[in-house]
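Working notes, structure below.
What follows is calculated from the coordinates using simple rules that are stated; it is not laboratory data. Given the structure is predicted, the values throughout are model-derived calculations rather than measurements. Note that each Cβ is placed from the backbone with ideal geometry, even for glycine, and that neighbours are counted across all protein chains shown.
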Amino acid sequence: MNVNAQGARDPHHQRYHTIPRVLIFLTSRNPQTGEEEMLLLKGAPTKRLWANHYNGLGGHVEADEDIYAAALREVAEEAGLAPAHLSLRGVVNIDTGSDDQGPRPGIMMFVFAGEASAREVVAGAEGELDWLPLHSLADHPLVDDLYELIPLALGNHFFYGHYAPQADGTLRYAWRKI
């Protein structure tokens, strides 16, 4: 596909560009309690974003991989796991606002959910990995969109989302299930 034919480099038209990312929520049944749990990553206290807050696994999509390959790679890198199954559950367009040069690149986040093939994880430099009971996720310091995003990812419908920046620096979330 010719990049010029797509208008990506047309100086007369400012196109919106996005950075692809993946976010993965893995679940597993605790063998001792029988409870369904989710593997979340608690950001290191030194992280610029989401320090001491739980998030799913994930990261950038590399130029030479598709989104599914990126999701598998991120789970392997961040937790040392090979998921038994991953399913694309939703796509979220994140508007990162604009500056004096126009719109900044946004983020297109592909949200996956799946079952872990094992529960023994290998923590990396990103932070601490914890299996948290699904019924008590709201009792933990989650990245703020996860309170709404996790139920969508675990639900029975595919969803689309849009995050829009607000004047106070927060993001407004909007969801559509199909």
Within the range 33-52, find all residues whose amide N lies under 14 Å from a label point positioned 7 Å from the Cα of H135 along Cα-to-beta-carbon.
33-38
Of all DSSP beta bridges in the range 27-124, what percent run antiparallel (nearest 5)?
95 percent
Identify, among L26, A164, G43, the residue whose Cα sits farthest towards the positive end of the charge dipole of the chain, taking +1 on the Cβ of Lys and Arg and -1 on the Cβ of Asp and Glu, with the dipole about the Cα centre.
A164
Could you tell me how far the Cα centroid of the range 124-164 sits from the Cα centroid of the range 27-71, in Å?
9 Å
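FRET efficiency for D100 and H60, Cβ-Cβ distance as r, R0 = 25 Å, nearest 0.05? Please report the intermediate quantities before stating the final value.
Working: r = 26 Å, r/R0 = 1.04.
In this case the efficiency is close to 0.45.
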What FRET efficiency would be calculated for the residue pair A82, Q166, taking the C-beta separation as r and a Förster radius of 35 Å, to the nearest 0.05?
0.35
Taking θ as phi - 60°, what are the ³J(HN,Hα) couplings along the range 111-118 by the Karplus curve (6.51, -1.76, 1.60), each to the nearest whole Hz, with x for Gly and Pro?
9, 10, 10, x, 9, 6, 7, 8
GNM of the chain, Cα pairs under 10 angstrom: of A123, A63, A82, the biggest fluctuation goes to A63
Give the Cα extents of the range 30-178 along the principal axes, in whole Å, largest first.
54, 38, 37
Applied in sequence order to the range 132-143, the curve 6.51 cos²θ - 1.76 cosθ + 1.60 (Karplus, θ = phi - 60°) yields integer Hz couplings, x standing for Gly and Pro, of 10, x, 4, 5, 10, 4, 5, 8, 10, x, 8, 4
Tally the DSSP beta bridges in the chain and give the antiparallel ones as a percent, rounded to 5.
70 percent
With contacts defined as alpha carbon pairs under 8 Å and 6 or more residues apart, what's the relative contact order of the range 45-170 in percent?
30 percent
Summing +1 for each Lys or Arg and -1 for each Asp or Glu, what net charge is found among the other residues whose Cβ lies under 14 Å from the Cβ of M109?
-2
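As a footprinting exposure proxy, order D139, D66 by other Cβ within 10 Å, with the fewest listed first. Kindly include the intermediate steps, with their values, before the conclusion.
On the way: D139 9, D66 12.
Ascending Cβ contact count within 10 Å gives the list D139, D66.
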Quick one: which residues, 5 or more positions from L142 or on another chain, have an amide H under 5 Å from its amide H? H modelled 1.01 Å from N in the peptide plane, none for Pro or chain starts.
Y54
Fewest first, what order do H135, H53 take by the number of other Cβ atoms within 10 Å?
H135, H53
Mean-square fluctuation check for the chain, GNM, Cα pairs under 10 Å: which of G155, G114, G127 is largest?
G155
Please rank L49, L154, L129, L57, fewest neighbouring Cβ atoms within 10 Å first, as an exposure proxy.
L49, L154, L129, L57
If each K or R counts +1 and each D or E counts -1, the residues other than D66 whose Cβ falls under 14 Å of its Cβ total -2
Table column - 3J(HN,Hα) (Hz), the range 156-173, Karplus curve with 6.51, -1.76, 1.60, x for Gly and Pro
9, 10, 6, 9, 10, x, 9, 10, 10, x, 10, 4, 7, x, 8, 10, 9, 9
Largest fluctuation, H60, H162, H140 only, Gaussian network model of the chain with Cα springs under 10 angstrom, belongs to H140
All other residues with a Cβ under 14 Å from the Cβ of A153 taken together, and with Lys, Arg as +1 and Asp, Glu as -1, what is their net charge?
-2
